Amino acid sequence: MTMKAMKRILITFSLIFLIALSHNIPRTFAQNRTTAIPQTTTVAVYSQNVEANDLFLKARDYFNKSDPRTGGKLANAREAIKLYEQAVAKDPHFALAYVGLSRAWLQLGYSDPDGLCNKEIIPPAKAALLKALAIDDKSADVHITLAGLYYSLDFDWVRAESEYKLARQLSPKTAGAHSGYAGFLISMARFDEAISEEKQAEAIAPSFATDLGFARIYYSMHRYDQAAEYCKQSLHKQENVLGYFFLGFVYIAQHKNDEAVSAFEKASTFSNNGGAWAGLAYGYAMVGRKDDALKILNELEHTEKRGHPVPYRVAAVYLALGDKDKAIDWLKKEYEERGNWMNQLKVDPVMDPLRSDPRFQDLMRKMKFAE
């Protein structure tokens, strides 16, 4: 067997499918959930350039340790960026390294103190991804990540769905293609299709992330008992901030106030993540602890003690406090910043009290969720 044939086989069976909120593009919890390649005793080959391949593997290891959802540090994403850049310098035709570089930049979009805003991460992330696309337009990895950008940042539903479908066609046995598409379908309120896609992802690679996918579907459908069970399943498989975060919202919807606050408090312990802390403030507001909620809001708005504020989540807190005007103002801010929580606007139960408000309906039209 020739080296070229061997490379083709190894690439086909060893594609890396890592996260880009799920989400989600990091700030979202919905899309681009993917599974890491099982580690073996032999060195995987992704590039015939030995140095580039070694740099890629090191970069991937750092990236795998950079996910704040499971206690990772964004400093590892920064190191991954350096190594991916060195890898593509050694092998300019290394498509997977460009995909990894794009995802590492997007990882920095978390609302931790060490994170960056969309204006800082989107240009280099898109540039790297477009290079990958130019090199290999048949890579499912490329199209999954591109779909996530269209879905979470551009709000281009047509292109996003087209890219997810293409990724599924190119690699039907890739969990990330199905779970990413499921996240998109949730936002469109196409729940039966979302369940079907999530089941396919689970059959391929069951994980805490696929459980969270089901939790999000049932939460958006107002089927809270099922959502709670999937959150618990996720946490049983692996401790993660999203499991506690969503469980807090589910418990609030079930009027289980003490359990909700406990879940939100656990979510806030993973890191100084602005979204998680806003979740706790929402929980406090919903159970009548107004002063505690306002204290967190003040810290989010005026300091970086709790990480960067996520406007959508701040809007939820003000809505829980009964201030619809400020809630709308913060939602507008999220829209202007192309914040990827906006793709949940159509289905998020948290926003139900605003649905009859003309200002909210205007946002729905801007997001192309309504005529």
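The values are calculated or read from the model by the stated rules, or taken from the named source; none is laboratory data. These figures come from a predicted structure and were not determined experimentally. Here Cβ is always computed from backbone atoms with ideal geometry, including for glycine, and neighbour counts include all displayed protein chains.
The single condition among (1) farther than 19 Å from residue 139 by Cβ; (2) buried (at least 20 other Cβ atoms within 10 Å of the Cβ); (3) out of contact with any Leu (no Cβ under 8 Å at 6 or more places or on another chain) that residue 181 does not satisfy is (1). Listed by first and then second residue, the pairs with beta-carbon distance under 7 Å, at least 6 apart or on different chains, first residue in region 48-64 and outside the structural domain of residue 103 (by TED's automatic domain parsing), second not in a helix (DSSP H, G or I), form an empty list. Contact annotation: residue pairs with Cβ atoms under 6 Å, 6 or more positions apart or on different chains, pairing a residue in region 77-98 that is assigned by TED's automatic domain parsing to the domain that holds residue 125 and of a type in the set (S, T, N, Q) with a partner that is modelled with pLDDT of 95 or more and assigned to a helix (DSSP H, G or I), are 86/55. You will find that of 111, 152, 187, 220, the residue that is in contact with a His (Cβ under 8 Å, 6 or more places away or on another chain), crowded, with 17+ Cβ neighbours inside 10 Å and under 18 Å from residue 345 (Cα atoms) is 152 and no other. Considering every residue within region 286-308, establish whether at least one is surrounded by fewer than 23 Cβ atoms within 10 Å (Cβ to Cβ), of a type outside the set (D, E, K, R) and more than 27 Å from residue 240 (Cα to Cα). Checking region 286-308: at least one residue is surrounded by fewer than 23 Cβ atoms within 10 Å (Cβ to Cβ), of a type outside the set (D, E, K, R) and more than 27 Å from residue 240 (Cα to Cα). The set of residues in region 335-371 being in a loop (DSSP other than H, G, I, E, B) and either at pLDDT 95 or above or loosely packed, with under 14 Cβ neighbours inside 10 Å (or both) consists of 345, 346, 347, 348, 355, 356, 357, 367, 368, 369, 370, 371. Against the list (1) aliphatic (A, V, I, L, M); (2) in the same structural domain as residue 332 (by TED's automatic domain parsing); (3) under 23 Å from the mean Cα position of the chain (by Cα); (4) closer than 21 Å to residue 349 by Cβ, the condition residue 300 fails is (4).
Can you tell me which residues in region 40-82 are closer than 30 Å to residue 269 by Cα and either in contact with a Lys or Arg (Cβ under 6 Å, 6 or more places away or on another chain) or of a type in the set (A, V, I, L, M, F, W, C) (or both)? 59, 63, 72, 74, 75, 76, 77, 80, 81, listed by residue number. Kindly indicate the residue of region 60-81 that is surrounded by 24 or more Cβ atoms within 10 Å (Cβ to Cβ) and in contact with a Phe, Trp or Tyr (Cβ under 6 Å, 6 or more places away or on another chain) and also farthest from residue 235 (Cα to Cα) among those meeting that condition. Result: 80.
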